[in-house]
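The values are calculated or read from the model by the stated rules, or taken from the named source; none is laboratory data. Everything numeric here is computed off the predicted structure, so don't read it as measured data. Cβ atoms come from the backbone with ideal geometry, glycine included; neighbour counts cover every protein chain shown.
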Amino acid sequence: MNTCHQTLVRTYLENQGLIRTKAHAKQLHAQVIRTIGPVTATVNSLIISIYSNLNLLKESLTLFDTLDSPKPTKAWKSIIKCYASCGQFVNSLTFFNEMRTLGKIPDRNVFPSLLKSCAYLRDIRLGESLHGSVIRLGFDCDLYTGNALMNMYAKLQNFGGHQLIDVITEPQKPISSSRSEQKKSDHSHECNRDFTVGVVDFNINTKEMNLLGNVGGEKKIGSLGIDGVRKVFEEMPTRDIVSWNTVISGSLQNGRHKEALDMLREMGNADLKPDSFTLSTVLPMFAKFVDVLKGKEIHGFAIRNGFVEDVFIGSSLIDVYANCNRVEDAYKLFCFIPQHDAVSWNSIIAACVQNGRFDKGLKLFRQMLQTDLKPVEHSFSSIMPACSHLTTLHLGKQLHGYIIRAAFYENMYIASSLVDMYSKCGNLKIARLIFDNMEKHDSVSWTAMIMGYAMHGHAHEAIFLFEEMVVSGEKPNPVVMVAVLTAFSHAGWLNEGWKYFNSMTQDYGIVPALEHYAAVADLLGRAGRLEEAYKFITSMHIKPTGSVWSSLLSACRVHKNIDLAEKVAKEIFKIDPEYTGAYTILSNMYGAAGRWKEAAKIRKNMKKKGMRKKPACSWVEVKNRLHAFVAGDKSHPLYYQINEALEDILERIQREGYVPDTSEVLHDVDEEQKQYSLCAHSERLAIAFGIISTPAGTTIRVTKNLRVCVDCHTVLSFISKVLSREIIVRDNTRFHHFTNGKCSCGDYW
DNA sequence: GTAGGGTTAG
């Protein structure tokens with residue numbers, strides 16, 4: 001090496017910390033060419049390592065290609081590292097393979113990159129082989145390599161490696177020998193040559209490769225998994241904060257929460273302070289266990305230690321608060337983060353959606369689109385449920401379009417959320433199409449589709465799919481059983497419902513939860529078996545909630561059994577005195593029976609307690625806009641036209657035989673007034689608006705927040721016949737498809 | 001060499 005080159009190398013070594021940008025690196029490169037002209041391979045390797053440390057893959061490779069063979073080992077190592085840092089793991093390993101076939105000896109610095117590649121490619125066999133090589137070369141006492149090994153075992157604990165050389169019985173290099181001795185041999189020629197002999201040939205494209213080709217005296221043991229992490233950790237001569245973070249994270253990924261907490265404590269004893277990695281690793285545990293106190297404790301620690309603007313900790317904390325139903329706190333936290341990334345956006349959007357703040361979620365999603373960040377896969381599965389709940393089909397379709405363009409449709413989360421969205425927006429056919437196009441199914445996708453059928457009253461399809469699921473080997477879980485029981489309840493299949501309710505416990509070992517009891521109680525109630533339902537609820541092994549009773553109360557109303565309704569209402573008031581729905585139903589029933597005084601008494605009582613009846617509201621989508629109507633609503637700009645259309649429609653359907661049923665009108669007023677009250681029902685306003693705003697024959701989709709009233713149900717049937725329109729109504733429990741005078745629910749709901 | 005986010009019910 002000439003003086004000039006030596007100076008350059010020295011300058012680089014002195015200043016390498018200063019080369020932090022692509023521009024700096026290229027400038028240095030240009031300067032070298034200008035001042036020195038053709039340079040040696042050593043200097044070029046140096047420049048490659050500068051490029052690769054900045055993850056400048058293209059620049060590194062271009063320069064690497066210009067080198068004459070044999071290229072220096074240093075250059076090979078830089079490229080391997082750069083590929084791994086840029087996420088090109090297969091290339092990283094292929095390059096290592098090529099380097100090995102040229103007889104070049106790997107040193108300790110190259111193993112972390114290789115192990116990282118194995119971790120990401122989920123290649124536990126190669127990882128284990130590399131571990132063997134690490135041990136043989138004596139690099140297992142290297143801090144960085146040890147950390148990388150732990151990381152690999154932590155990430156691959158569920159990918160069952162099947163063999164590992166038991167290093168303890170490996171005769172050539174007992175691990176119990178003194179570490180200093182091993183360290184000395186690290187660089188010894190002998191050791192390296194031993195390695196070279198050990199590795200014959202391997203090809204990274206085949207799973208059959210084994211770095212340890214012909215090592216003798218090996219004993220095979222099972223996959224290491226979390227024990228691998230712990231073992232490496234325990235045998236490390238020195239550990240730093242990364243080692244602790246990795247072992248804690250490994251325990252958490254393995255579900256060993258207590259162990260992780262113990263390690264956290266132990267880390268403190270070792271005089272190491274948790275850093276931002278530690279905190280964002282342990283926070284998800286508190287989110288999972290809904291432990292807002294622990295979350296706050298860490299929040300405090302983060303504030304005291306200057307981590308308050310850390311985007312990793314921030315999004316984990318958002319998650320903790322969201323899981324504890326504290327969206328406001330989550331949002332405040334979100335606002336504190338100066339630089340948002342895709343994850344923090346997703347955390348706050350998911351926080352809103354999971355807590356029922358759908359509008360806020362959509363608003364934030366739109367805000368995110370206005371930044372430079374592109375939505376990622378998580379963004380779609382987080383926001384989609386908002387469309388499902390709000391029945392905003394046009395929005396759901398827009399998102400679906402984006403998903404197709406971005407080729408995200410193979411993602412299980414996204415596909416399941418699309419199945420759910422199309423089902424809940426009334427389009428079962430497309431839901432099924434997406435479901436059928438999925439490569440594989442999990443319990444969530446099966447449940448989403450089965451629930452779709454259940455909500456639309458297609459019990460046959462629901463149960464057929466459930467049986468298909470069982471045959472496919474997917475074990476039924478409590479959620480899918482709710483879907484199955486719901487299907488029976490909406491179809492009124494009492495015997496089948498009982499059968500599956502019993503088999504749930506006997507065959508699948510699922511202990512019935514409130515939801516399952518509620519579905520069966522509902523089934524009995526709808527079938528008119530009111531007394532049985534009452535007995536069923538009182539004999540539950542868990543305390544019934546207001547909502548379980550309220551489904552029976554609704555059934556009492558449908559079957560006009562005031563005596564039982566009073567009894568049931570009493571139970572509800574005992575459990576949940578604030579349950580508005582119960583007061584409303586009871587007062588409606590008194591009204592329908594002409595017992596006006598009692599009806600008035602309840603309403604007065606409600607007023608005294610400051611309770612208000614939940615206003616009935618219906619939504620209809622016209623030309624990609626959602627229009628909302630509240631009962632008796634006169635605020636819509638087209639109110640006059642809507643009313644005119646309604647009168648016209650009523651006249652036409654009365655000619656077809658419709659007779660208004662005013663029994664569900666609350667007030668003690670005359671018949672004409674009652675009919676007028678019926679006309680003001682929110683679902684009618686929405687339908688009438690849909691009819692006057694769309695061309696003849698267009699399907700009208702309406703969503704209502706409460707149950708559709710009996711008279712409106714009849715009116716909608718008539719309209720579907722007289723105007724030849726398909727009308728799809730989603731009420732708070734199910735779908736009604738009206739075509740040609742008939743509803744899909746068979747008037748049973 | 002280490003970290004955070006998503007889908008199904010109610």
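Scanning region A:580-592 finds no residues that are of a type in the set (A, V, I, L, M, F, W, C), surrounded by fewer than 18 Cβ atoms within 10 Å (Cβ to Cβ) and either under 17 Å from residue A:482 (Cα atoms) or touching a Gly at 6+ places or on another chain (Cβ under 8 Å) (or both). Restricting attention to region A:444-479, the residues that are near DNA strand B (Cβ under 8 Å from one of its atoms), farther than 17 Å from residue A:427 by Cα and not hydrophobic (A, V, I, L, M, F, W, C) add up to 2. If the condition is being of a type in the set (Asp, Glu) and within 11 Å of DNA strand B (Cβ to nearest atom), then region A:114-148 contributes only A:142.
The set of residues from region A:623-658 being surrounded by 14 or more Cβ atoms within 10 Å (Cβ to Cβ), in contact with a His (Cβ under 9 Å, 6 or more places away or on another chain) and in contact (Cβ under 8 Å) with a residue 60 or more places away in the chain comprises A:626, A:627, A:629.
Screening region A:28-136 for helices (runs of 4 or more DSSP H) wholly inside it with 2 or more residues that are at pLDDT below 90 and more than 23 Å from residue A:228 (Cβ to Cβ) returns the ranges A:41-53. Sub-8 Å Cβ pairs linking a first residue in region A:598-616 that is within 18 Å of residue A:566 (Cα to Cα) to a second residue that is outside any helix (DSSP H, G or I) and among the hydrophobic types (A, V, I, L, M, F, W, C), at least 6 apart or interchain, are A:599/A:666, ordered by first then second residue.
Working only within region A:295-325, note down all residues that are within 15 Å of DNA strand B (Cβ to nearest atom), modelled with pLDDT under 95 and among the charged types (D, E, K, R). Within region A:295-325, just A:309 meets the criteria.
This table checks each residue for (1) under 24 Å from residue A:476 (Cβ atoms); (2) crowded, with 16+ Cβ neighbours inside 10 Å; (3) not hydroxyl-bearing (Ser, Thr, Tyr).
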{"site": "A:508", "(1), (2), (3)": "yes, no, no"}
{"site": "A:513", "(1), (2), (3)": "yes, no, yes"}
{"site": "A:522", "(1), (2), (3)": "yes, yes, yes"}
{"site": "A:530", "(1), (2), (3)": "no, yes, yes"}
{"site": "A:535", "(1), (2), (3)": "no, no, yes"}
{"site": "A:541", "(1), (2), (3)": "yes, no, yes"}
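Against the definition (among the acidic types (Asp, Glu) and within 26 Å of residue A:284 (Cα to Cα)), how does residue A:341 come out, yes or no? When the stated conditions are applied, residue A:341 passes them. Here residue A:518 fulfils each of the conditions (1) in a helix (DSSP H, G or I); (2) more than 12 Å from DNA strand B (Cβ to nearest atom); (3) under 30 Å from residue A:574 (Cα atoms) apart from (2). Within region A:461-514, the set of residues being at positive phi and either hydrophobic (A, V, I, L, M, F, W, C) or without any contact (Cβ under 8 Å) to a residue 24 or more places away in the chain (or both) comprises A:473, A:509. Of note, residue A:238 satisfies the criterion of being at pLDDT 50 or above, out of contact with any Gly (no Cβ under 8 Å at 6 or more places or on another chain) and part of a loop (DSSP other than H, G, I, E, B).
Flag set for residue A:374, criterion: exposed (fewer than 15 other Cβ atoms within 10 Å of the Cβ) and within 11 Å of DNA strand B (Cβ to nearest atom). Could we say that residue A:74 is out of contact with any Pro (no Cβ under 8 Å at 6 or more places or on another chain), in contact (Cβ under 8 Å) with a residue 12 or more places away in the chain and over 28 Å from residue A:148 (Cα atoms) here? Against the criterion (out of contact with any Pro (no Cβ under 8 Å at 6 or more places or on another chain), in contact (Cβ under 8 Å) with a residue 12 or more places away in the chain and over 28 Å from residue A:148 (Cα atoms)), residue A:74 does not qualify.
Given the condition small (Gly, Ala, Ser) and more than 7 Å from DNA strand B (Cβ to nearest atom), answer yes or no: does some residue in region A:392-399 qualify? Yes; the residues of region A:392-399 include at least one that is small (Gly, Ala, Ser) and more than 7 Å from DNA strand B (Cβ to nearest atom). Just one of the numbered conditions (1) within 11 Å of DNA strand B (Cβ to nearest atom); (2) in contact (Cβ under 8 Å) with a residue 24 or more places away in the chain; (3) part of a helix (DSSP H, G or I) is not true of residue A:356: (3).
How many of the residues making up region A:706-741 are under 38 Å from the mean Cα position of the chain (by Cα), surrounded by fewer than 18 Cβ atoms within 10 Å (Cβ to Cβ) and farther than 20 Å from residue A:555 by Cβ? Residues that pass the stated criteria total 2. Residue A:235 meets each of the listed conditions (1) more than 9 Å from DNA strand B (Cβ to nearest atom); (2) in contact (Cβ under 8 Å) with a residue 12 or more places away in the chain; (3) over 29 Å from the mean Cα position of the chain (by Cα); (4) over 16 Å from residue A:131 (Cβ atoms) apart from (4). In this structure, is residue A:312 among the aromatic types (Phe, Trp, Tyr) and in contact with a Lys or Arg (Cβ under 9 Å, 6 or more places away or on another chain)? The answer is no for residue A:312. The C-beta contact set for region A:398-418 (first residue touching a residue at least 40 places away in the same chain (Cβ under 8 Å), second residue exposed (fewer than 15 other Cβ atoms within 10 Å of the Cβ), distance under 7 angstrom, 6+ apart or interchain) is empty.
Taken across region A:280-291, residues that are within 13 Å of DNA strand B (Cβ to nearest atom), under 30 Å from residue A:238 (Cα atoms) and touching a Phe, Trp or Tyr at 6+ places or on another chain (Cβ under 6 Å) do occur, with at least one present.
Cβ-Cβ distances below 8 Å connect the following pairs, each with a first residue in region A:517-529 that is modelled with pLDDT under 90, a second residue that is β-branched (Val, Ile, Thr) and surrounded by fewer than 24 Cβ atoms within 10 Å (Cβ to Cβ), and a separation of six or more residues or different chains: A:526/A:558.
Applying the selection to region A:579-595, what residues are hydroxyl-bearing (Ser, Thr, Tyr), part of a helix (DSSP H, G or I) and either closer than 14 Å to residue A:612 by Cα or at pLDDT below 85 (or both)?
A:580, A:583, A:584, A:587
Inspection of region A:491-499 identifies at least one residue that is of a type in the set (Asp, Glu), buried (at least 16 other Cβ atoms within 10 Å of the Cβ) and under 22 Å from residue A:747 (Cα atoms).
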